[in-house]
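Asks: Sharing a structure here in C-alpha cells format.
The values are calculated or read from the model by the stated rules, or taken from the named source; none is laboratory data. Please read all numbers here as calculations on a predicted model, not as lab measurements. Cβ coordinates were reconstructed from backbone atoms using ideal geometry, including for glycine residues, and neighbour counts include every protein chain displayed.
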Amino acid sequence: MILRQAKRWVGHELALVGIEDAPAEADLLVGYALRISKTQLYTEFDRTLTPQEIELLQEVIRRRAGHEPVAYIMKRWEFYGIDFYIDQRVLIPRPETELLVEEAIVCASRCFRKSDITIADVGTGSGIIAINLAMALPRARIYATDISNPALQVARINCQRHKVSGRVELLQGNLLEPLPGPVDMLVANLPYIRDSELKQLSPEIVDFEPGVALDGGEDGLDEVRALMPQVPVKVHPGGSVLLEVGLGQAETVASLMKDRFPGSSVASSRDLGGIDRVVKTVLCGGSK
C-alpha cells in the first residue's frame, strides 16, 4: 500500500461510521500514525507503507470508529496556533476559547498602566489559556488553578514544553481559593453546558471528555455563581474579570455581575459565529 491509497482507505473507513469531514481527519491520523509532516503528507504520494505502519493505521481507525476524539488519539491539539499535549484528563481546546485569550491580551495591554500584572486562569485544564497569556505578556505573573490534580499534571507538561514554568504557577483547589492573594485580572473558561444539553452531546464528548469540565448545572452557570463571592477578595479594585459563556448566557451573566458589583463596567464580545462568548467586567474602584 502506498501513501495515496492509505489516505483514501482511512477516509473511506471513517466515512462508513459517520465521521464528519472524514478526509481531513484521515490526513491528521495518517500523518500521526506514519510520523510524517504535512509537507510529506501531500508530496510523498508514492511512499510505500511498511507492515508496521499499516497495523498502526488499523489501530487508529479502530479507535476513531469507536468515537475516540482525534486529539486524544494523537495526544496533541492546536490552539491559538500552538501545539499542546492533550489527553483524556483534560477537555479538548475549542476554537471559541481563542476569543477569550484575545480579549485578555487586549485588556492586559490597554487597561493596566503598570508593566507587571498578575493574572489568574481559573479552571485551567490543559493550561492553554495561561500559557498563551504567558507567551504574549512576558511581564505577567500567572496563577493557573484547577480542582483536578490530573488536569494540572497535563498543564505542567505543557508549561514545560513551552518554557513558561517559571511564570505560570499551577495551584490545585476550587476556583479562586488557592490564590495566594488578589490579582489584577481573572480569566475563566468554566463549565457552562446545561444539564439538558449534556444528554444531547456527541459520543466523542460524553464518552471521553471529563464531565467535571463540562457540566454547568441546570442553566449552565453554577460555577459562575460560585465564583462571584470570591471575586472581591481575590481581584483588586479596578481589576478585570473575563468569563467565557455559552449560547444565550451572556445577558444573564452580565446581569449577575452588575447586581453583584454595582458601578462596574460590563460588556460582552461576540465570536466568529455571532455568539456573545466573552463577558468582561471592570470592577469599580479605579484604574490599575
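Asks: Are there strands (runs of 3 or more DSSP E) fully within the range 205-288 with at least 2 residues that are among the hydroxyl-bearing types (S, T, Y)? List them.
Replies: Details: elements: 235-244, 265-270, 276-282.
The qualifying strands (runs of 3 or more DSSP E) are 265-270.
Asks: Would you tally the residues in the range 199-218 being more than 21 Å from the chain's Cα centre (by Cα) and either farther than 25 Å from Q88 by Cβ or at pLDDT 95 or above (or both)?
Replies: 1
Asks: If you don't mind, another one. For the range 31-51, check the following and say yes or no: at least one residue is under 20 Å from G66 (Cα atoms), of a type in the set (A, V, I, L, M, F, W, C) and over 29 Å from the mean Cα position of the chain (by Cα).
Replies: If we filter the range 31-51 for residues that are under 20 Å from G66 (Cα atoms), which is where we start, we get 31-33.
So of that shortlist, the ones also of a type in the set (A, V, I, L, M, F, W, C) come out as 33.
Within this subset, residues satisfying the condition of being over 29 Å from the mean Cα position of the chain (by Cα) are none.
No; the residues of the range 31-51 include none that is under 20 Å from G66 (Cα atoms), of a type in the set (A, V, I, L, M, F, W, C) and over 29 Å from the mean Cα position of the chain (by Cα).
Asks: Assuming I36 fulfils every condition listed in (1) surrounded by fewer than 16 Cβ atoms within 10 Å (Cβ to Cβ); (2) among the aliphatic types (A, V, I, L, M); (3) in a loop (DSSP other than H, G, I, E, B) apart from one, which condition is it?
Replies: For I36, the exception is condition (1).
Asks: Next up: Can you tell me which residue among S196, S165 is modelled with pLDDT under 95 and over 20 Å from Q88 (Cα atoms)?
Replies: Numbers: S165 fails: modelled with pLDDT under 95.
Criteria check complete, one pass: S196.
Asks: Just checking, which of E103, E55, E44 is among the acidic types (D, E), modelled with pLDDT under 95 and farther than 24 Å from P150 by Cβ? Talk me through it step by step, then tell me what you get.
Replies: Working: E103 fails: modelled with pLDDT under 95; E55 fails: modelled with pLDDT under 95.
Result: E44 is the single residue among E103, E55, E44 that is among the acidic types (D, E), modelled with pLDDT under 95 and farther than 24 Å from P150 by Cβ.
Asks: A further question follows. Might you check whether a residue that is closer than 23 Å to I128 by Cα, among the basic types (K, R), modelled with pLDDT of 95 or more and within 20 Å of the chain's Cα centre (by Cα) occurs anywhere in the range 259-271? Step through it out loud before you land on a result.
Replies: Pass one, the range 259-271, residues closer than 23 Å to I128 by Cα: 268-271.
Now drop any that are not among the basic types (K, R), which leaves 270.
Now narrow it down to the ones that are modelled with pLDDT of 95 or more: 270.
From what is left, the residues that are within 20 Å of the chain's Cα centre (by Cα) are 270.
Yes; the residues of the range 259-271 include at least one that is closer than 23 Å to I128 by Cα, among the basic types (K, R), modelled with pLDDT of 95 or more and within 20 Å of the chain's Cα centre (by Cα).
Asks: Can you tell me which residue among I129, I105 is touching a residue at least 60 places away in the same chain (Cβ under 8 Å), in a helix (DSSP H, G or I), farther than 30 Å from E13 by Cβ and assigned by TED's automatic domain parsing to the domain that holds V164? Steps first, answer last, please.
Replies: Working: I105 fails: touching a residue at least 60 places away in the same chain (Cβ under 8 Å).
Answer to the selection: I129.
Asks: Looking only at the range 39-69, count every residue that is among the charged types (D, E, K, R) and surrounded by 18 or more Cβ atoms within 10 Å (Cβ to Cβ) and tell me the total.
Replies: 2
Asks: Write out, first by first residue and then by second, each pair whose Cβ atoms fall under 8 Å of each other, whose residues are 6+ apart or on separate chains, and whose first residue, in the range 70-92, is over 17 Å from G31 (Cα atoms) and in the same structural domain as L214 (by TED's automatic domain parsing) while the second is hydrophobic (A, V, I, L, M, F, W, C) and in a helix (DSSP H, G or I).
Replies: Going by the 8 Å Cβ cut-off, there are no qualifying pairs.
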